[in-house]
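A.B. asks: Can you read through this structure? Questions will come right after.
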Amino acid sequence: MNRRYFIGQSVAASITASAWQNTSGANGRIRVANIGCGRRGLLRELIQVKDATNIEIAAVCDTWKQKLEKAAADVKEHTGKDPAQVVDYRDVLARKDIDAVVIGTPDHQHCTMLIAAVEAGKDVYIEKPMAMNMKELVRAYDAVKRSGRIVQVGTQIRSYRTTRGARQFVASGGIGKILKAEQVRNSYMPYWMSYGGAAYMDQKPTEADVDWKAFLMQRPARPFNASQYQNWYGYREFSSGPHTNLMVHFIDTMHFITGASIPQRVTALGGTYRWKNEFTVPDSVEVALEYPEGFLVRYCTMMGNGANNYAKFFGTRGTLDAKSLSPKGPWTASGQGAGDPDKLQQDMNVPEAETVHHMQNFLESVRSRTQPIAPIEAGYAHSVAVIMADQALTTGRRMVYDPEKREVRAG
């Protein structure tokens with residue numbers, strides 16, 4: 001990620017007395033623990049923003065011995081202090097001196113840990129997707145709302161300068177009424193077979209070095225399986241595939257830019273067409289969503305050929321090209337495809353907007369007690385969308401969302 005997006009701006013110098021009440025220590029330092037120290041790199045982000053946000057990384061927690069030790073060594077290298085090394089996340093939550101936790105664990109653990117954390121009085125940064133099914137999603141949402149804790153969901157594209165600018169541009173009528181948004185996100189090899197690079201993939205876990213039972217959590221017991229532990233992204237028990245790990249970013253970004261709520265109807269097709277092996281998630285999906293705001297959304301992933309990637313928004317005045325949601329260069333808008341008299345007359349770069357790094361935004365919200373850029377409502381909305389997509393795919397039926405009952409069903 002480009003450095004200016006990663007570091008963000010410094011914390012404001014003036015902080016009111018009431019904002020310190022949730023922090024420990026005479027100097028108001030926020031004490032943070034990282035639960036799940038793997039490939040997502042959330043610990044690295046904490047280290048990057050530690051000075052701007054005045055935090056102490058007090059503990060690291062992971063079920064893989066080598067990853068836990070490496071995380072502790074990284075904290076010592078960059079802060080000069082040895083954090084506590086913890087295997088069981090519940091031992092982290094039991095500590096009264098921890099103000100906030102940053103959770104980067106496998107998908108099937110998110111809601112269990114989120115609920116336990118807010119009930120323990122911690123503020124939480126939780127990775128996406130927030131939930132894998134509606135039952136756990138509703139329980140987690142309600143627990144957060146009861147607790148009054150600050151929760152930031154890890155859909156970091158909201159915090160790009162490009163995204164913030166696009167939100168303002170669309171809200172001002174830049175491309176007129178939104179008619180459709182779509183993303184195609186293809187790759188040659190599935191991320192569950194390559195994420196982290198060769199060096200990571202060559203480091204195979206052994207049963208002696210991991211807490212296999214803690215990893216499984218609420219999933220049925222079974223003998224240790226190194227591939228399921230390390231490459232959990234590729235197994236349906238622990239993750240639902242591209243529409244929950246990739247599409248979720250686009251859906252959340254689309255919600256943020258357009259102001260859309262939750263889809264009312266979703267259909268999906270998909271399967272494994274290229275990478276036929278032990279993994280159980282599909283390598284290709286095609287999802288169509290209809291929103292009550294009056295437009296369609298399409299998401300597509302194909303693994304086996306990495307060509308034809310894009311993300312675009314289509315309106316009555318023209319087209320917004322979101323450059324595959326990249327923060328590295330300006331997003332553009334044009335009158336392409338429009339025929340109305342007020343269509344955009346020339347190509348333009350969409351103005352960017354000031355922002356701070358997503359992790360910094362969370363920590364500033366912990367201090368100020370104001371809602372972050374990706375609050376629990378955002379996590380709920382994107383989770384409903386991807387749960388609908390997954391159920392449409394697995395059942396072969398169109399899914400609808402009932403907002404009064406907060407349930408997804410065929411219809």
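The values are calculated or read from the model by the stated rules, or taken from the named source; none is laboratory data. Computed from a predicted model, the values in this text were never measured in an experiment. Every residue, glycine among them, receives a Cβ derived from its backbone with ideal geometry; neighbour counts consider all protein chains shown.
A.B. asks: Going through segment 106-139 one residue at a time, which ones are outside any strand (DSSP E or B), within 22 Å of ILE373 (Cβ to Cβ), among the aliphatic types (A, V, I, L, M) and touching a residue at least 40 places away in the same chain (Cβ under 8 Å)?
C.D. replies: Those that are outside any strand (DSSP E or B), within 22 Å of ILE373 (Cβ to Cβ), among the aliphatic types (A, V, I, L, M) and touching a residue at least 40 places away in the same chain (Cβ under 8 Å): MET113, MET130, ALA131, LEU137.
A.B. asks: Sticking with this structure for a sec: Please work out if THR112 is within 21 Å of ARG367 (Cβ to Cβ) and either modelled with pLDDT of 95 or more or of a type outside the set (Asp, Glu) (or both).
C.D. replies: Judged against the criteria, THR112 is not a match.
A.B. asks: So in segment 351-370, with the set limited to residues that are in a loop (DSSP other than H, G, I, E, B) and aliphatic (A, V, I, L, M), which one is surrounded by the most Cβ atoms within 10 Å (Cβ to Cβ)? Step through it out loud before you land on a result.
C.D. replies: Filtering segment 351-370 for residues in a loop (DSSP other than H, G, I, E, B) gives 351-357, 369-370.
Now narrow it down to the ones that are aliphatic (A, V, I, L, M): 353, 356.
Details: ALA353: 15, VAL356: 22.
Taking the candidates together, the pick is VAL356.
A.B. asks: Looking for something over 24 Å from GLN230 (Cα atoms), of a type outside the set (A, V, I, L, M, F, W, C) and in contact (Cβ under 8 Å) with a residue 60 or more places away in the chain - is there at least one such residue anywhere in segment 37-47?
C.D. replies: Checked segment 37-47: no residue is over 24 Å from GLN230 (Cα atoms), of a type outside the set (A, V, I, L, M, F, W, C) and in contact (Cβ under 8 Å) with a residue 60 or more places away in the chain.
A.B. asks: Would you mind stating whether GLN183 is over 17 Å from THR244 (Cβ atoms) and assigned to a strand (DSSP E or B)?
C.D. replies: On the way: over 17 Å from THR244 (Cβ atoms): no; assigned to a strand (DSSP E or B): yes.
Answer is no for this residue.
A.B. asks: If you check ALA199, ALA143, ALA208, which single one turns out to be surrounded by 15 or more Cβ atoms within 10 Å (Cβ to Cβ) and assigned to a helix (DSSP H, G or I)? Lay out the reasoning, then the answer.
C.D. replies: Numbers: ALA199 fails: surrounded by 15 or more Cβ atoms within 10 Å (Cβ to Cβ); ALA208 fails: surrounded by 15 or more Cβ atoms within 10 Å (Cβ to Cβ).
Unique residue meeting the criteria: ALA143.
A.B. asks: Looking only at segment 47-75, count every residue that is more than 27 Å from LYS204 (Cβ to Cβ) and out of contact with any His (no Cβ under 9 Å at 6 or more places or on another chain) and tell me the total. If you could, list the steps in order and put the result at the bottom.
C.D. replies: Kept after step one, since they are more than 27 Å from LYS204 (Cβ to Cβ), are these residues of segment 47-75: 48-58.
Among the residues that remain, those that are also out of contact with any His (no Cβ under 9 Å at 6 or more places or on another chain) are: 51, 53-56, 58.
So the answer is 6.
A.B. asks: If VAL400 satisfies every condition in (1) among the aliphatic types (A, V, I, L, M); (2) in a loop (DSSP other than H, G, I, E, B); (3) surrounded by fewer than 18 Cβ atoms within 10 Å (Cβ to Cβ) but one, which is the exception?
C.D. replies: (2)
A.B. asks: Filter segment 244-281 down to the residues that are in contact with a helix residue (DSSP H, G or I) (Cβ under 9 Å, 6 or more places away or on another chain) and among the hydroxyl-bearing types (Ser, Thr, Tyr), then identify the one that is nearest to ALA322 (Cα to Cα).
C.D. replies: This residue is THR253.
A.B. asks: What is the one condition in (1) at pLDDT below 95; (2) of a type in the set (Lys, Arg); (3) in a helix (DSSP H, G or I) that LYS50 does not satisfy?
C.D. replies: (1)
A.B. asks: So, one more: When both residues are 6+ apart or on different chains and their Cβ atoms are under 9 Å apart, which pairs have a first residue that lies in segment 345-360 and is over 20 Å from ASP321 (Cα atoms), and a second that is aliphatic (A, V, I, L, M) and in a strand (DSSP E or B)?
C.D. replies: Here the result reads MET359/VAL102, each pair linking segment 345-360 to a residue that is aliphatic (A, V, I, L, M) and in a strand (DSSP E or B).
A.B. asks: OK, next. Would you pick out the residues in segment 347-406 that are out of contact with any strand residue (DSSP E or B) (no Cβ under 6 Å at 6 or more places or on another chain) and aromatic (Phe, Trp, Tyr)?
C.D. replies: TYR380
A.B. asks: Show me the strands (runs of 3 or more DSSP E) entirely contained within segment 257-350 in which 2 or more residues are over 26 Å from ARG236 (Cβ atoms). Step through it out loud before you land on a result.
C.D. replies: Details: elements: 265-271, 284-291, 295-302, 310-315, 319-321, 332-334.
Those strands (runs of 3 or more DSSP E) span 295-302, 310-315, 319-321, 332-334.
A.B. asks: Output the residues belonging to segment 57-80 that are more than 17 Å from GLU45 (Cβ to Cβ), surrounded by fewer than 22 Cβ atoms within 10 Å (Cβ to Cβ) and touching a residue at least 24 places away in the same chain (Cβ under 8 Å).
C.D. replies: LYS65, GLN66, LEU68
A.B. asks: Only one of (1) hydrophobic (A, V, I, L, M, F, W, C); (2) farther than 21 Å from ASN308 by Cα; (3) in contact with a Pro (Cβ under 7 Å, 6 or more places away or on another chain) fails for TRP275. Which number is that?
C.D. replies: Condition not satisfied by TRP275: (2).
A.B. asks: Further question: Would you check which residues across segment 169-227 are aromatic (Phe, Trp, Tyr), within 23 Å of CYS111 (Cα to Cα) and modelled with pLDDT of 95 or more and list them?
C.D. replies: TRP212, PHE215 - these are the residues of segment 169-227 that are aromatic (Phe, Trp, Tyr), within 23 Å of CYS111 (Cα to Cα) and modelled with pLDDT of 95 or more.
A.B. asks: Only one of these conditions is not met by THR162: (1) within 15 Å of ALA33 (Cα to Cα); (2) touching a Pro at 6+ places or on another chain (Cβ under 6 Å); (3) not small (Gly, Ala, Ser). Which number is it?
C.D. replies: Failed condition: (1).
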